[in-house]
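Data first, discussion second: the structure below is written as structure tokens.
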Amino acid sequence: MSERKVLNKYYPPDFDPSKIPKLKLPKDRQYVVRLMAPFNMRCKTCGEYIYKGKKFNARKETVQNEVYLGLPIFRFYIKCTRCLAEITFKTDPENTDYTMEHGATRNFQAEKLLEEEEKRVQKEREDEELNNPMKVLENRTKDSKLEMEVLENLQELKDLNQRQAHVDFEAMLRQHRLSEEELQQRQQEEDEQETAALLEEARKQRLLEDSDSEDEAAPAPPALWPQPTAILHEAPKAKRKMDGMGGRSQLSGLVVVKKTRTEAECAGTHRGQAPLASSGAPESRGAVDPPSLPPGTSSLSQLGAYGDSEDSDNSV
């Protein structure tokens, strides 16, 4: 019994491979392959970004009439994930890379452009040096000068690194941290002082408002005598106190002593003639002095005497 899975097939003795018919396939026929996007690209139709590594079911074909050192160049067809527009790119064995051909633009190819520019400059320089020996000498002089400048810069960097090697960065950071803490503490103290000053000012203002409100709410009660006749007993004491202070009582200036009238004035009054004062002006009744009283009497008693004198004048 033969095996189910075998690698070697049976070929009969009369087998002739030339008799096997060959398939005539076109040279530009396409194959469906599974691949990943070799670089970041952006679709020109809808602007969709396709990142590197995105998987596609692509169609692969061989580019006709393009060969690099005997290596064939292949073209790949993919579709945009958003608008299904066709995007094509092909291999670039010269630069070991891929080249965008149609349907999208390649992103992040600055490094590639820089390498291409360097290669172009290098090729131009080689072409110039090939036919001009003086150009070779100039280029060598420039290269030697550039190399000396690079060495000088490198030596300066080494010296700078040696100087920085002796710097204590921990101490610098510690000092910076302490200065920040001092600054924060100083600001906190200033804030506390300002707060205390504001509270003190508010407290003083509140005390002033309370005192003003108490004065307005509670006026001073008027002084009342316990008995109506107490003023008669208190008046002589007040007079003695004022005399003891070296001045006459203020009430004494309010009392006008009435002068005694002479007999001639009284006779002229009975005849209908107005009495004339020594100064030529008529005297008022208030200007007449009352009879003198013995010392020690109060001002109220004098007022009583003054009233008696007026009554006597009216009776006359």
Within region 144-179, tally of residues that are among the charged types (D, E, K, R) and either in contact with a Phe, Trp or Tyr (Cβ under 7 Å, 6 or more places away or on another chain) or outside any helix (DSSP H, G or I) (or both)
1
Just one listed residue, out of 48, 61, is within 13 Å of residue 104 (Cα to Cα) and among the acidic types (Asp, Glu), and it is 48
So which strands (runs of 3 or more DSSP E) are wholly in region 60-108 and hold at least 3 residues that are over 17 Å from residue 41 (Cβ atoms)?
71-79
When region 1-49 is examined, which residues are found to be assigned to a strand (DSSP E or B) and either surrounded by 10 or more Cβ atoms within 10 Å (Cβ to Cβ) or touching an Asp or Glu at 6+ places or on another chain (Cβ under 6 Å) (or both)?
31, 33, 35, 36, 41, 42, 43, 49
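Throughout, read-outs are computed from the coordinates displayed, never taken from laboratory work. Keep in mind that what you see is a predicted model, and the values were worked out from it rather than measured. Every residue, glycine as well, gets a Cβ built from its backbone with ideal geometry; the counts of neighbours run over all protein chains shown.
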